[in-house]
Amino acid sequence: MVSDPQRAPLPQHAKPPAALVTLDAVTVRYGATTAVDDVTLAVAAGDIVGLVGANGAGKSTLMRVLSGMTAPGDGSLKIAGLAVPVGYGPRQAHLSGIRTVWQELSLCANLTVAENFYVEQPDIAGPVWRRSYAERARAALKATFPDARTDPDRLVGRLPIAERQMVEIARAASAPGLRLLILDEPTSSLDATASRQLRDRVRALAASGVAVIFITHKLTEIIDVANRAVVMRNGRKVADTDARSLTETELIAMMGAAEGAAAATPRDAAGEGRTLVRLGGSWIAGGGAPVALAAGSVVGVAGLEGSGQAQLLRSVLDGATDARRDGSAAFVSGDRARDGIFALFDVLTNISIGRITRRAALSRLSYSAEAAAARPLCDRVRLDPDRLGSPITDLSGGNQQKALVARALAADADILLLDDPTRGVDIATKQHLYGVIRETARSGKLVLWHSTEDREFAECDRVLVMSAGRVHSDLGPTETGEEAILAAAFHARATDAAPSGQRPGVAMAKTVAANALRNAAIVALVAILAVMMLRNPMVASEFGLRLLLGPAVALILVAYAQMFVVGGSQIDLGVGAFAGLVNVLAVTALYASPLLGLAAIGVALAGYAAMALGIVVARIPAIVVTLGASFIWYGTGYMILPAPGGTAPDWLRALTAWHIPGVPTPLILILLATAVAVAIHRSRTGTVLRGMGGNEAVMARSGWSVTRYTVLRYLIAGSFAATAGLSIAAASGAGDINAGGTYTLLSVAAVVLGGCQLLGGAIRPLGVAAGAVTLALIGALLGSLGVSTDYNAAVQGLLMIAVLGLGSVVIARGDG
């Protein structure tokens, strides 16, 4: 196992330095673009610095320098008066007490809340570390957000975006040795109550000597919480002044946004037309009359956080029975990282993807034609058309959001669904987007708009106020002020006794179906055994189980090897060949001399682990590296043993020949292998490995070595595959390089059938064991039913496809 990163003690000072961090004449360039231009900034202990500026002003880039994510081209960085060393990176920033909450949240969706605390703060030892981190997470959330009800054992990927933001903020704010907390758009998904609680927490941290840099486009928050306001424009610092004496208008003027701030379209420009959406049934509180939403209007969807606003938009998009729509719909997500951008594509493709998918399958695509169609949309949302060829991830968060709005406008849909579209967008762009929204409605469209900023509902013609998944109030144009909306939301929360907007029976049915599909392998295994026992009761005997389970041992071991590779969002196309190579070494070198054989297997295992270097250092896809390696395993095996033969050592055969009366030996071996896999999966190392598979960039940002843990991943996988090769030799007594040939694809099938995800780092050891045994038993099942075993592979494939198909439908709808 690899030990946790060591946390060095912070330097001790008899007297705090005047400046905790100092940036001196820092410049950052990306090619011809200067993102930060000659910026000098000093932040003292206890400072609350409000950092503001338009999208692309250089705020986040400057914070990347402080956080060790970006090295400045010119200038210097000092921490506590000491120049940072060469190679200063995220881990060194953490050791210096600097923590950052990024605008694009840095959590691993496949880990629990408590596990996310561990990968960022690996300082608690002991066998009950999981419980300790759950307690730390619960306490940290309560300290910052007293109303938080987040379960520390829940997967982050199943939390709504507001709760994810709260988790990341609480994690950073509770970090041991914290000296500087950087908050980049921390309230972009929080409601008014959570935002106020965060500002209270920031004041408390500052009073204890922690410095805070608070980046937000909600300028009232800067005026409320900061003692200094630093304004950036076009990569340069243009102001550094006392925030407490400023007004919002003065800040806007410093940002150079006054012109954009006055560009909103008058509210009375819209006029209603035909009904495009009709909400009824479970969406209306108390079984009231349906709500009709007409073309030509902007309808806000308000309510306290988690009241079902986003779910309502999704329901309209899906055309659900209780949210019928008459016309096409386009959707803009505020959670752009998860539901919005295509991170591997450029800006143009992200904008044009809807147009492209509506074209004939074999039609010719023209980059120049798509660019020509996208430029007017860029002008409409004020996105620089010169950035169309840039990767979408090179844009600031606000400009990414503009691209998503442009994509929706390109669809020319009848209904525009906006799920908090101005999250992380500067005030000038917001004001301009308000005008775009009004213009869209005036052209005869319906705009349905959910926002976490109640002040934005002043731009709407009417506002639906929700609570517990139902519409409680329908406010007209004279009632869309913040006070009226808040009053309606709290009144609805107080009077609504139902816990959610979904009928309990339906929700329970979906949960049961989703859980059944996640455990499809176990369900299938029980069904197969039941059928075989009905056909032949001797199947349940010790002898019968020994015959049935014996062939499954090697497959389970190879499946576990594949599982740990899949846990890194990779696939190994040579794992079966590697097991075959070890099988050959076992009946040749290991038979001739145990020391020689073990050394040979050790060399093979080192070669297997070395594949990680090609994947990480050379950046070659794992599927390519492992496929190439499979030829090496096969070639080496053929050179050592050209034809099946050899002899397994007696001591190796004895390892699997022991017997406990009444208990099938293969069952014990399967349970031992599963116990080891579960132990690794649940360990600290296993948690880091899963985190790497879920979000490698986040783990690197938290100070974990991608190279080290990828090598470790393949070392673990190789150990399981090597054990499988030894078990094949022990069972057959001979060797054959092709002995593991069928196991590669079967291991992938077992992983999928076991409920693992090929991407995202989500693995299930118990499911994989059940999946491997299920696949191994299909041949015996067909034989017991009198069906030719020639159909074995076909049935295995159909079973995997059925689970994948049903899982993608039911689990997605069951979990929301």
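The values are calculated or read from the model by the stated rules, or taken from the named source; none is laboratory data. Remember, predicted model here, so these are calculated numbers, not experimental data. A quick note on method: Cβ atoms are made from the backbone with ideal geometry, for glycine too, and the neighbour counts reach across all protein chains shown. Keep in mind that these areas ignore ligands, DNA and RNA; they rest on the heavy atoms of the full protein, side chains included. Shrake-Rupley method; radii C 1.70, N 1.55, O 1.52, S 1.80 Å.
Among the numbered conditions (1) in contact (Cβ under 8 Å) with a residue 40 or more places away in the chain; (2) open to solvent by 40 Å² or more (accessible area, probe 1.4 Å); (3) under 23 Å from THR685 (Cβ atoms), tell me where ARG136 comes up short.
All conditions pass for ARG136, except number (1).
Between a residue in segment 421-442 that is among the small types (Gly, Ala, Ser) and any residue that is outside any loop (DSSP other than H, G, I, E, B), which pairs come within a Cβ distance under 7 Å, given they are 6 or more apart or on different chains?
From residues that are among the small types (Gly, Ala, Ser), the pairs are GLY424/GLY397; GLY424/GLY398; GLY424/GLN401; ALA428/GLY260; ALA428/ALA261; ALA441/VAL298; ALA441/VAL447.
Given PRO72, PRO5, which one is modelled with pLDDT of 85 or more and either hydrophobic (A, V, I, L, M, F, W, C) or within 30 Å of the chain's Cα centre (by Cα) (or both)?
PRO72
Can we say LEU205 is open to solvent by less than 10 Å² (accessible area, probe 1.4 Å) and of a type outside the set (Val, Ile, Thr)?
Spelling it out, it is not the case that LEU205 is open to solvent by less than 10 Å² (accessible area, probe 1.4 Å) and of a type outside the set (Val, Ile, Thr).
Return yes or no: is ARG171 modelled with pLDDT of 90 or more, within 28 Å of ILE485 (Cα to Cα) and part of a helix (DSSP H, G or I)?
no
Which residues, counting only those in segment 342-369, are touching a Leu at 6+ places or on another chain (Cβ under 9 Å), at pLDDT below 85 and either under 25 Å from HIS432 (Cα atoms) or in a helix (DSSP H, G or I) (or both)?
Within segment 342-369, ILE356, TYR367 qualify.
Report yes if ARG380 is under 25 Å from HIS217 (Cβ atoms) and under 30 Å from the mean Cα position of the chain (by Cα), otherwise no.
No.
Within the set of pairs 6+ apart or on separate chains, which have a first residue in segment 44-62 that is free of Cβ contacts under 8 Å to residues at least 24 places away in the same chain, a second that is in a strand (DSSP E or B) and open to solvent by less than 30 Å² (accessible area, probe 1.4 Å), and C-beta atoms under 6 Å apart?
Filtered contacts from segment 44-62: no entries.
Filtering segment 537-556 down to residues that are over 23 Å from ALA739 (Cα atoms) and touching a helix residue (DSSP H, G or I) at 6+ places or on another chain (Cβ under 6 Å), which residue is most open to solvent (accessible area, probe 1.4 Å)?
MET538
Name the pairs: first residue in segment 612-638 and in contact (Cβ under 8 Å) with a residue 24 or more places away in the chain and assigned to a helix (DSSP H, G or I), second residue open to solvent by less than 30 Å² (accessible area, probe 1.4 Å) and among the basic types (Lys, Arg), Cβ to Cβ under 8 Å, at least 6 apart or on different chains?
ALA612/ARG713
Report, by residue number, each residue of segment 71-88 that is part of a loop (DSSP other than H, G, I, E, B) and free of Cβ contacts under 8 Å to residues at least 24 places away in the same chain.
Within segment 71-88, ALA71, VAL84, PRO85, VAL86, GLY87, TYR88 qualify.
Could you list all residues from segment 102-143 that are among the hydrophobic types (A, V, I, L, M, F, W, C), over 15 Å from the mean Cα position of the chain (by Cα) and assigned to a loop (DSSP other than H, G, I, E, B)?
Matches in segment 102-143: ILE124, ALA125, VAL128.
Which pairs turn up if I take residues in segment 165-184 that are at positive phi and look for partners that are part of a loop (DSSP other than H, G, I, E, B) with beta carbon separation below 6 Å, at least 6 apart in sequence or on another chain?
GLY177/LEU10; GLY177/GLY97
Filter segment 303-341 down to the residues that are of a type outside the set (A, V, I, L, M, F, W, C), outside any strand (DSSP E or B), open to solvent by less than 80 Å² (accessible area, probe 1.4 Å) and closer than 17 Å to ILE392 by Cβ and list them by number.
If the condition is that a residue be of a type outside the set (A, V, I, L, M, F, W, C), outside any strand (DSSP E or B), open to solvent by less than 80 Å² (accessible area, probe 1.4 Å) and closer than 17 Å to ILE392 by Cβ, then GLY334, ASP335, ARG336, ASP339, GLY340 are the ones that fit.
For residues in segment 143-164 being farther than 14 Å from SER195 by Cα and either without any contact (Cβ under 8 Å) to a residue 24 or more places away in the chain or hydroxyl-bearing (Ser, Thr, Tyr) (or both), which is least open to solvent (accessible area, probe 1.4 Å)?
Among them, the one singled out is THR150.
Name the residues in segment 571-600 that are in contact (Cβ under 8 Å) with a residue 60 or more places away in the chain, open to solvent by 20 Å² or more (accessible area, probe 1.4 Å) and not hydroxyl-bearing (Ser, Thr, Tyr), would you?
Hits for segment 571-600 are ILE571, LEU573.
Any idea which residue in segment 392-419 is farthest from THR357 (Cα to Cα), counting only those that are in a helix (DSSP H, G or I) and among the charged types (D, E, K, R)?
Restricting to residues being in a helix (DSSP H, G or I) and among the charged types (D, E, K, R), the top hit is ASP394.
Quick one: which residue in ALA762, ALA700 is aliphatic (A, V, I, L, M), in contact (Cβ under 8 Å) with a residue 60 or more places away in the chain, assigned to a loop (DSSP other than H, G, I, E, B) and farther than 30 Å from ARG546 by Cβ?
ALA762
For segment 639-650, how many residues meet the condition of being in contact (Cβ under 8 Å) with a residue 12 or more places away in the chain and either part of a helix (DSSP H, G or I) or in contact with a Phe, Trp or Tyr (Cβ under 9 Å, 6 or more places away or on another chain) (or both)?
Number of matching residues: 5.
What residue, of TYR714, TYR743, is in contact (Cβ under 8 Å) with a residue 60 or more places away in the chain and open to solvent by 30 Å² or more (accessible area, probe 1.4 Å)?
Selected residue: TYR743, the only one of TYR714, TYR743 that is in contact (Cβ under 8 Å) with a residue 60 or more places away in the chain and open to solvent by 30 Å² or more (accessible area, probe 1.4 Å).
Looking for whichever is within 32 Å of the chain's Cα centre (by Cα), open to solvent by less than 20 Å² (accessible area, probe 1.4 Å) and under 27 Å from LEU395 (Cα atoms) here; the options are ARG29, ARG91, ARG99, ARG64. Which one fits?
Matching residue, one of ARG29, ARG91, ARG99, ARG64: ARG99.
Among the numbered criteria (1) modelled with pLDDT under 90; (2) surrounded by 15 or more Cβ atoms within 10 Å (Cβ to Cβ); (3) assigned to a helix (DSSP H, G or I), which single criterion is violated by ALA494?
All conditions pass for ALA494, except number (2).
Could you grab me the full set of residues in segment 608-640 that are farther than 23 Å from ARG708 by Cα and surrounded by 16 or more Cβ atoms within 10 Å (Cβ to Cβ)?
Matches in segment 608-640: ILE632, TRP633, TYR634, THR636, GLY637, ILE640.
Considering segment 657-673 alone, what residues qualify as being crowded, with 19+ Cβ neighbours inside 10 Å and in a helix (DSSP H, G or I)?
PRO666, LEU667, LEU669, ILE670, ALA673
Of all residues in segment 27-38, which are in a strand (DSSP E or B) and out of contact with any Leu (no Cβ under 6 Å at 6 or more places or on another chain)?
THR27, VAL28, ARG29, TYR30, THR33, THR34, ALA35, ASP37, ASP38 - these are the residues of segment 27-38 that are in a strand (DSSP E or B) and out of contact with any Leu (no Cβ under 6 Å at 6 or more places or on another chain).
One residue is enough: does segment 233-241 have a residue meeting the conditions of a type in the set (S, T, N, Q), outside any helix (DSSP H, G or I) and touching a residue at least 40 places away in the same chain (Cβ under 8 Å)?
yes
Of all residues in segment 185-195, count the ones that are among the charged types (D, E, K, R) and either without any contact (Cβ under 8 Å) to a residue 60 or more places away in the chain or assigned to a helix (DSSP H, G or I) (or both).
0
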